[in-house]
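Values quoted throughout were computed directly from the atomic coordinates according to the rules given, and no laboratory measurement underlies them. The structure displayed is predicted, hence computed values, not measured ones. Note that we place each Cβ from the backbone using ideal geometry, even for glycine, and neighbour counts take in every protein chain shown.
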Amino acid sequence: MTLLHSTAPSIKHTGPDLQEITSADDTDDSRGPIIPADEWLAGRFKVKQLLKRENHADVYLVNDMENASEGEMVGLEARAFNLMGLSQRHLKYRVRAMKRLSSRCISKTKWNNLDVIIYKCGDVNVSPENTAMKAAAPSHDGDVSIMNIVKKPPAKTGYKQESERLRQRDRRQAKRQRKKMTTETESYGTAAEIENVDDCLEMKLDDKAWTMLTLLHIAHSTRPLRKLLPDSSQLIVNNYLSMKDCEIKLTTEEEMVGFAQIKEQELAYLARQLSKVNAAKKQCHDCMGELLRQQLLHPKGSKEWLEIQRNDIEPKKQNFRILRTAIKVLPDLIAAAKARHQSVSQKLALRRQEMQEEKKKQNLEMKLEELSSKLENYDLWQRCVAPASDTFFHLTTMRETVRKQMSKLEERE
């Protein structure tokens, strides 16, 4: 599915005449209508001017009018997103663009079915103390829904971050390949045939993945295929086979954290390749069936029959064997990597707990030493004051208080 790209020219104005822009291209654009200058948003923010029109949103310069009484108006930016009437793919991109503003968001509101996000930009420092958004001026958009400051989403795990990175990389590669295919076929009038190939391209195994799968096939083959490899490739395979079941000694917290991150990265990559392998195996099977049907059109042993067998069917059979091995081996590798990651994570958690307990113990010992020093000082100071005076009894009370504190700490120890 192709993305919707606006044909409207980029608009950059710096004066108040922006509110007069009402061309048909603006209102019919998938980004929605332009918010006029001097419009109020959320009863607190005032639109100053339109800065630019981007693919997914219009960007405005707005002022926080609550700070106008203090002698200065804090400059902010606002992005207006139109989420109405979009394809699922286009909608996904816009929602993702909105989420990226969450950490800088001051307020979120609506204006004529547009989702507007007001956010900090650059070095502007706005203190969002009033989350209720006082009504600094009457609102002109009728129904304004105001949201408090957007909370930061929970931190993603390393596995999730790596999975998203791999999917995004595949999408970009597919987009580049599709653009190249479109350019090459435009002159032949066949561009329409590749309109819906994005998903197939995203699930296509690249050269690096095929290299990994080939080495895994050779490493786990019962035939002596390793001897056919170059020395460098033989060394890689032998190192893998010798270390895949060995326990790695990790002593420091830094080593445990680093190895756990490596295993998370490996888990995400292997899981992504396994999903691609399943799709590639089906595609390879269907392609072999089509080649066999073409081969039946020629007499067995003929020149055409032998060419199809040698140039098409044999390479596909080899690829099919590699993919079949991958489907068998990759789940085991994923399970082994997951087990190692869990083991290292447990050791890391135990190590951190031990360090925390050790730190608590050290703090307790330091506190006892401090109280012991106080007690000695109170004993000495009591001898230096008049007996039975108020100061003498005050020091006696202080000594008893310190002794009680020391007793409680010793019980905890």
Return CYS121, CYS246, CYS105 ranked ascending by Cβ neighbour count within 10 Å, so the fewest neighbours appear first. CYS246, CYS121, CYS105
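So if R0 is 56 Å, what FRET efficiency would LEU306 and THR252 give, r being the distance between their Cβ atoms, rounded to the nearest 0.05?
Approximately 0.35, to the nearest 0.05.
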Projected convex hull area of the range 205-355, Cα atoms, direction-averaged, in nm², equals 11.1
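With a 10 Å Cβ neighbour count serving as the proxy for reagent exposure, in which order, fewest first, do PHE393, PHE320 appear?
By the 10 Å Cβ count, ascending, the order reads PHE393, PHE320.
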Take LYS374 and ARG100, extend 7 Å from each Cα along the Cα→Cβ direction, and tell me the distance between the two endpoints in nm. 5.5
Least to most buried among LEU50, LEU41, by other C-beta atoms within 10 Å and fewest first, runs LEU50, LEU41
Here the FRET efficiency for LYS317 versus ARG89, based on Cβ atoms and R0 = 25 Å and rounded to 0.05, is 0.10
Using 25 Å as the Cα-Cα cut-off, could you pick out the over-long pairs in LYS156/LYS360; LYS99/LYS204; LYS180/LYS263; LYS92/LYS179; LYS156/LYS359? LYS156/LYS360; LYS99/LYS204; LYS180/LYS263; LYS156/LYS359
So how much slack lies between LYS360 and LYS180, counting 0.36 nm per residue of separation and subtracting their Cα-Cα distance, in nm? 58.6 nm
Counting other Cβ atoms within 10 Å, keep those with at most 13, restrict to DSSP loop, and tell me which trypsin sites (Lys or Arg not before Pro) in the range 285-352 are left. LYS300
